[in-house]
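Here the structure comes first, spelled out in structure tokens, and everything after it is commentary.
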Amino acid sequence: MSSQQLVDCPICSKPVKELNINRHIDSGCHEFTDESPPPTQQPPPKPTQVASFFQTPAAKRTQSIPSSTQPLNGTEVPKNVQTPIATQKRPLEDVKEEDSHQPLPKRSKNVNLEKAAPLAERMRPRTLDEVQGQELVGPKGVLRSLIETDRVPSMVLWGGPGTGKTTIARLIAKTAGNRFVEINSTSSGVGECKKLFAEARNELSLTGRRTIIFCDEIHRFSKSQQDVFLAPVENGTITLIGATTENPSFKVINALLSRCRTFTLSKLDDEHITSILRRALSLEPPTTPHASELLEGNDYALLRYLASFADGDARTALNLLSLALDLSNDADTTVETVKENLTRTLVYDRQGDQHYDTISAFHKSVRGSNPDAALYYLARMLQSGEDPVYIARRMVVMASEDIGLADNTLLPLATAAYTAAKEIGMPECRINLAHATVALAEAPKSTRSYRGLNAAYAALSEPGIAGIPIPVHLRNAPTRLMKELGYGKEYKYNPDYREGRVVQEYFPDKLQGKVFLPTSHLGEKVDPDLPPDEEEGPNEEADEDGPEKWSAEDDGFDDDDNVDNEEAEHNRDGEDLILNPDGE
């Protein structure tokens, strides 16, 4: 093909010499065009628009035509009669307009992925202003000010499920314009993390762009895996954002915590979740009038019900809304039908904070003589799948720690409940646990033995007390050598004496006269919030001349404060039975 042959530009359809076609396209179709008039030859009749649609593009047609023809009247004429055919090409605008209804394959793929994503994923906030219920990223939030000033530190986001940890991490990277890499501790290992650190170092050195690594469920990383993040975080190679539903004080190593700031995300209240649900309805409204009336009627009553049902979890609320939207497509669906099909999600992790917080609330309700609250926490644990044997073990402890000497029959009762939980199991053993719970809560309380033991422990923490020699007459003498050394020689066997009464010292010399067991069943403090008529408690009748009480707050030993043991024994014998704090 001759280099002087004219071809049509595939973009602007102008005739251009084949030699200059590339430079013509590079100039934006403004230069190197050939505007020479065509030879005096009648152009063929213009084909119809339908015929031009099925023709081969002009550029390909010209390649199959020879560059010259037979001489005409002794003159060789270039064969550029194809030029008029090029004018029959559809303008680029027409092609775009005709094909605009057909999306590009890549775009179609993204649309399909978005449609397949759950409603909770599609409704993620796009900006920090759309985040609900978190003052940290509000207009005056601490975290927001750090983001807007491009001073994003490495951090740990601690909050319950559905509070916005992942969303906030993504928005931080989007707002700050940093490279964002998302990993999950359940599927990412040390090797992958080191590879990401190397990429972040190269990105920072070549472009100055920082990398944010978001690690979801960071508490699932082992301590050795968490150690990998120490150096990159400390030298600023990466900005780490870890998300966890567990208390980072227990689940994240101290060395990593010291290099990060911990932000606590608040649990979303019903008002915030209702706003999230209303926003979802505005972005993806119901498809039928019946569905609109069901979800938006009565001032969004159903949405408020879903918000309270979600218990502070926005993801759960949106999943419930998605279920309600599907059900509402049926014209026979009512509000009661939607409520019946909801599955309550109990927020309880047997290995997390809920596990310890709930058993703590149960224990304190029993200690405070509130059987109703104790039964509530008991039912909450059992309904969530807590091990009943674990609860029963704690009740055995409460029988001695909180009821103690006030009612010695409750320790066998708690032990029987433990045996029932272990041998019978759920669901029947819940009845035994409720029996023991109410008995422990309504019983009088006494911490005399428990406080006495703590006082003895406090004494052992003093210098030289734990190693005081045992008095010789109290020592064991299993061998003849020990008997020759006088072990147990002067010991008086109490059962051999009338009423077991003897004069004998049981303390080492340095502790003689000390008393660890308090005289009262309960403490001496008065709650200032009590009504005036309930401030007088039975414990105030304790004898002021009673024996010295040893507590953990004692600074040391003072022999001037010693009292006679016989006086202490007399005070204990005359002690009255103390009932529960309500005076019943």
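Please treat every number below as a calculation from the coordinates, not as lab data. None of these values were measured; they are calculated from a predicted model. So basically every Cβ, Gly included, is an ideal-geometry build from the backbone, and we count neighbours across all protein chains shown.
Quote the relative contact order of segment 270-340 in percent (integer), defining contacts as alpha-carbon pairs under 8 Å separated by 6+ residues.
Numbers: 54 pairs, mean separation 26.7, N = 71.
Relative contact order of segment 270-340: 38 percent.
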Would you mind checking Lys140/Lys195; Lys165/Lys223; Lys140/Lys223; Lys251/Lys339; Lys267/Lys364 for any pair whose Cα atoms are more than 29 angstrom apart?
Lys140/Lys195; Lys140/Lys223; Lys251/Lys339
Mean shadow of segment 353-442, computed from the convex hull of its alpha carbons, in nm²?
4.8
If neighbour count is taken as other Cβ atoms inside 10 Å, put Tyr457, Tyr376, Tyr418 in order from fewest to most.
Tyr457, Tyr376, Tyr418
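Between Lys223 and Lys422, what length in nm is gained on full extension when 0.36 nm per residue of separation is reduced by their alpha carbon distance?
Details: separation 199, 0.36 × 199 = 71.64 nm, distance 3.45 nm.
Going from the current span to full extension adds 68.2 nm.
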How much length is gained on full extension from Glu499 to Leu230, taking 0.36 nm per residue of separation minus their Cα-Cα distance?
89.9 nm
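With a ≥ b ≥ c taken as the square roots of the eigenvalues of the C-alpha gyration tensor of segment 132-261, please select rounded if a/c is under 1.5 and otherwise prolate if a/b is larger than b/c or oblate if it is not?
Numbers: a/c = 1.70, a/b = 1.09, b/c = 1.56.
Oblate, because a/c is 1.5 or more while a/b does not exceed b/c.
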Place a label point 7 angstrom from the Cα of Asp529 along the Cα-to-Cβ direction, then list the residues of segment 365-404 whose backbone nitrogen is under 15 Å away.
365, 368-370
Using square roots of five times the C-alpha gyration tensor eigenvalues, list the equivalent-ellipsoid semi-axes of segment 428-481 in whole Å, biggest first.
42, 19, 10
Label-point separation (nm) for Asp509 and Thr479, each offset 7 Å from Cα along Cα-to-Cβ?
2.6
Prolate/oblate/rounded call for segment 385-430, Cα gyration tensor, a/c under 1.5 rounded:
prolate
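If you take the beta carbon distance between Asp129 and Ser308 as r and set R0 to 35 Å, what does 1/(1 + (r/R0)^6) give as a FRET efficiency, to the nearest 0.05? Walk me through the numbers before you get to the answer.
Details: r = 25 Å, r/R0 = 0.73.
Plugging the Cβ-Cβ distance into 1/(1 + (r/R0)^6) gives 0.85.
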